[in-house]
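Each remark here refers to the structure printed beneath this line.
The values are calculated or read from the model by the stated rules, or taken from the named source; none is laboratory data. The structure presented is a predicted model; accordingly, all values stated were derived computationally and were not measured. In this analysis, Cβ positions are derived from the backbone assuming ideal geometry, glycine residues included, and neighbour counts consider all displayed protein chains. For the accessible areas, the whole protein counts, side chains as well, though only heavy atoms, and no ligand, DNA or RNA atoms are used. Shrake-Rupley method; radii C 1.70, N 1.55, O 1.52, S 1.80 Å.
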Amino acid sequence: MTDLDPFIDLLDYPMYVVTAEADGEEAGCLVGFASQCSIQPARFMVWLSKANRTYQVAKRAERLAVHLLRRDQNRLARLFGGETGDGTDKFAAVPWHPGPGGTLILDEALAWFVGRVENQIDGGDHVGFLLAPEAADNPTGDRTPLLTLNDTHEITPGHPAD
């Protein structure tokens, strides 16, 4: 238990699937640490674990795609959160299409955006990727309940946090 746990235990923020492509290598993972961090100019920060294969690809990528999932999309959450790309081709298991700048867009995602990586910031066991949004879509226009942290507690991570 850390000194921050009493505070963190009360949070239930959205979970995201972040996908990356660099040098022909594809990766994606479930991410809980992410937020809009500027209005003008619009910017979004997403944090990737250094232990995660997605981080290894993302640190070489020009753009990342950030996807929102519906609360009922446990299969996608388990695939991207509980499997590691070291041994599983996650993109063979889901429909996707190429997005702006060669990004990978998950067809089943509720909504997504693609951001150009402007900066990387070391935050300890995670690295923050500052994204400048270039394209976004909410294909259905829905405002349905999102997949949140509390929906994913039973997923054992594909890689430990440290």
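In segment 126-145, which residues are open to solvent by 10 Å² or more (accessible area, probe 1.4 Å) and over 26 Å from Asp89 (Cβ atoms)?
Leu130, Pro133, Glu134, Ala136, Asn138, Thr140, Gly141, Asp142, Arg143, Thr144, Pro145, listed by residue number.
Residue pairs, Cβ under 6 Å, 6 or more apart or interchain, first in segment 84-102 and closer than 14 Å to Val18 by Cα, second among the aliphatic types (A, V, I, L, M) and part of a helix (DSSP H, G or I). List them.
Lys90/Leu79
Is it true that some residue in segment 67-75 is in contact with a Gly (Cβ under 6 Å, 6 or more places away or on another chain) and at pLDDT 95 or above?
no
For segment 146-162, give me each residue that is open to solvent by 80 Å² or more (accessible area, probe 1.4 Å) and of a type in the set (D, E, K, R).
Correct list: Glu154, Asp162.
With respect to Gln40, determine if the residue is part of a helix (DSSP H, G or I) and either free of Cβ contacts under 8 Å to residues at least 24 places away in the same chain or surrounded by 12 or more Cβ atoms within 10 Å (Cβ to Cβ) (or both).
no
Of all residues in segment 1-37 being open to solvent by less than 30 Å² (accessible area, probe 1.4 Å) and either part of a loop (DSSP other than H, G, I, E, B) or at pLDDT below 95 (or both), which is nearest to Gly123 (Cα to Cα)?
Ranking the qualifying residues of segment 1-37, first place goes to Gly32.
Are there strands (runs of 3 or more DSSP E) fully within segment 44-118 with at least 3 residues that are crowded, with 17+ Cβ neighbours inside 10 Å? List them.
Counting at least 3 such residues, we get 63-68, 104-106.
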